[in-house]
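Written below as structure tokens is the structure these notes are about.
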Amino acid sequence: MTSNVVYPLATSSWGTEEIDAINDVVASGRFTMGEKVAQFEKEFAEYFGSKYAVMVNSGSTANLLMVALLKWRHNLTRFEGANIIVPAVGWSTTYFPLTQNGFRVNFVDVDPETYNIDVNKIEEAINPSTVAIMPVNLCGNPCNFTEIKRICAKHKLLLLEDNCESMGGKWDNRSLGTLGFAGSHSFFFSHHLQTMEGGMICTPNEGDYHWLKSLRAHGWCRELPDEFELYNKTGSFFKDSFTFVTPGYSVRPLEMSGAIGSVQLKKWPQLLEVRLENMKYFKELFEDVPWLRMQEEKHGDSTWFSFGCVLQGALKGRRDEVIQAFEQGGIEARPLASGNFLNQPVVKMMPHYNHGNYEGAQDIDENGFWVGNHSTDCKAGIFKMFTILKGLAE
């Protein structure tokens with residue numbers, strides 16, 4: 001990659017407010033998770049219409065704790081061959097928590113237009129040991145939850161959302177990440193809100209909320225109510241602060257991450273507005289060209305985390321050439337999420353179902369890539385990308 005990047009994958013949305021928030025935490029002397037994290041959790045839940053929210057140190061660990069709930073609180077691994085349906089295109093830590101918690105990964109193909117799970121192929125993948133569906137709202141784009149919810153109700157399956165790329169997206173006027181049993185969000189540098197590292201789990205269930213807090217911090221009971229299904233506190237700090245009741249992790253966020261999150265959340269309407277302006281320009285250039293297929297927004301309102309693209313027509317099969325031209329032109333591009341995850345070397349270590357019907361995912365694997373969308377104006381970079389691709393296609 002040339003050092004003269006004209007269209008980076010991501011840019012910072014920080015200003016002096018975030019620095020001030022960090023300095024306030026430093027001045028307080030409280031660096032580990034505390035009141036600022038709790039405040040951000042409450043604000044996030046209220047803003048996006050969730051009853052509860054639990055902050056963790058990444059979107060990946062948000063997925064980990066969501067799936068751990070299925071194993072430890074809801075005992076779903078008691079079913080032999082218990083499996084969870086996921087799209088074949090996602091992120092590595094969409095899938096790893098399933099394997100790590102004893103579930104078989106049940107891969108379903110993706111829709112070539114939306115890049116999200118193909119609802120027409122879900123039911124044929126369901127078997128008697130299927131316990132949940134975990135769709136990924138890819139690149140900000142809502143899945144077809146009308147059909148997914150119908151299928152979940154028909155087959156008595158839980159619905160989890162990997163919503164790490166799609167904060168603020170809407171389906172049926174409801175926020176993505178709040179539509180089922182639990183939903184994850186990410187606040188990594190390239191994502192919609194930037195605490196740089198951080199994540200959030202939304203859930204409507206109070207019991208799951210308390211379990212998540214224990215799983216987040218060593219499995220201890222400190223944050224539980226005085227009386228709860230896991231443990232009734234004695235009233236002794238000495239005993240109650242070091243009693244462990246779940247097989248937990250240590251995935252707490254820093255206090256400064258919570259403080260930054262509160263600042264960023266106030267900026268969210270403005271940040272989204274700029275992203276949508278960039279999207280309008282991207283569509284003006286690329287929507288009708290015969291040599292590139294952009295992601296379609298068909299089932300709700302996308303927040304356009306990035307611009308997912310699939311080469312077709314005159315550029316089909318020429319991705320290596322395109323990426324080389326991008327690198328020379330100062331444009332950062334990456335594979336479109338995982339590509340077809342069944343092609344990843346690690347999949348041989350993961351108990352899974354391969355249904356042999358992954359045309360949409362394979363096309364993305366061979367011809368797909370994504371470029372950034374920012375909360376700052378990136379139209380000049382988008383135009384440079386268009387110019388390069390048009391030149392190659394013609």
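Restricting attention to segment 214-232, and to residues there that are open to solvent by 20 Å² or more (accessible area, probe 1.4 Å) and in contact with a strand residue (DSSP E or B) (Cβ under 9 Å, 6 or more places away or on another chain), which single residue is farthest from SER184 (Cα to Cα)? Going through the qualifying residues, I end up with ASP226. If the condition is being more than 20 Å from SER250 (Cβ to Cβ), in contact (Cβ under 8 Å) with a residue 60 or more places away in the chain and in contact with a Gly (Cβ under 9 Å, 6 or more places away or on another chain), then segment 197-239 contributes CYS202, THR203, PRO204. Number of residues in segment 365-394 that are more than 17 Å from PHE305 (Cα to Cα) and hydrophobic (A, V, I, L, M, F, W, C) equals 8. List the strands (runs of 3 or more DSSP E) inside segment 277-385, counting only whole elements, that have at least 3 residues being closer than 23 Å to ASN144 by Cα and either open to solvent by 50 Å² or more (accessible area, probe 1.4 Å) or in contact with a Leu (Cβ under 6 Å, 6 or more places away or on another chain) (or both). Of the strands (runs of 3 or more DSSP E) lying wholly inside segment 277-385, those with at least 3 residues that are closer than 23 Å to ASN144 by Cα and either open to solvent by 50 Å² or more (accessible area, probe 1.4 Å) or in contact with a Leu (Cβ under 6 Å, 6 or more places away or on another chain) (or both) span 368-372.
Of the residues making up segment 143-153, at least one is out of contact with any Phe, Trp or Tyr (no Cβ under 6 Å at 6 or more places or on another chain), buried (at least 24 other Cβ atoms within 10 Å of the Cβ) and closer than 30 Å to PRO269 by Cα. Where strands (runs of 3 or more DSSP E) sit wholly within segment 156-225, those with at least 1 residues that are more than 14 Å from the chain's Cα centre (by Cα) occupy 158-162, 199-203. Quick check: anything in segment 94-106 at negative phi, of a type in the set (Lys, Arg) and in contact with a strand residue (DSSP E or B) (Cβ under 8 Å, 6 or more places away or on another chain)? Yes; the residues of segment 94-106 include at least one that is at negative phi, of a type in the set (Lys, Arg) and in contact with a strand residue (DSSP E or B) (Cβ under 8 Å, 6 or more places away or on another chain). Within segment 130-180, being closer than 23 Å to ALA68 by Cα and of a type in the set (D, E, K, R) holds for LYS149, LYS156, GLU161, ASP162, GLU165. The residues on offer are LYS266, LYS280, and the sole one that is over 23 Å from ILE382 (Cα atoms), among the charged types (D, E, K, R), modelled with pLDDT of 95 or more and out of contact with any helix residue (DSSP H, G or I) (no Cβ under 6 Å at 6 or more places or on another chain) is LYS266. Remark: ILE260 matches the filter, which requires a residue to be assigned to a helix (DSSP H, G or I) and surrounded by 17 or more Cβ atoms within 10 Å (Cβ to Cβ).
Among residues of segment 142-161 that are within 12 Å of GLY180 (Cα to Cα), those with a beta-carbon under 9 Å from a residue that is open to solvent by 10 Å² or more (accessible area, probe 1.4 Å) and of a type in the set (D, E, K, R) at least six positions away or on a different chain give the pairs PHE145/ASP172; PHE145/ARG174; LEU159/LYS149. Return the residues of segment 163-177 that are open to solvent by 10 Å² or more (accessible area, probe 1.4 Å), of a type outside the set (Asp, Glu) and on the phi > 0 side of the Ramachandran plot; say none if nothing qualifies. Within segment 163-177, GLY168, ASN173 meet the criteria. Selection over segment 285-332 of residues that are among the aliphatic types (A, V, I, L, M), within 27 Å of PRO142 (Cβ to Cβ) and touching a residue at least 40 places away in the same chain (Cβ under 8 Å) gives a count of 5. Within segment 233-257, the residues that satisfy the criterion of being of a type in the set (Gly, Ala, Ser) and in a loop (DSSP other than H, G, I, E, B) are GLY235, SER236, SER241, GLY248. Note on segment 134-148: residues that are within 15 Å of the chain's Cα centre (by Cα) and β-branched (Val, Ile, Thr) total 1.
The values are calculated or read from the model by the stated rules, or taken from the named source; none is laboratory data. Since this is a predicted model, take the numbers as computed values, not measurements. Glycine also receives a Cβ, built like all others from the backbone with ideal geometry; neighbour counts cover every protein chain displayed. Accessible surface areas use protein heavy atoms only, side chains included; no ligands, DNA or RNA. Shrake-Rupley method; radii C 1.70, N 1.55, O 1.52, S 1.80 Å.
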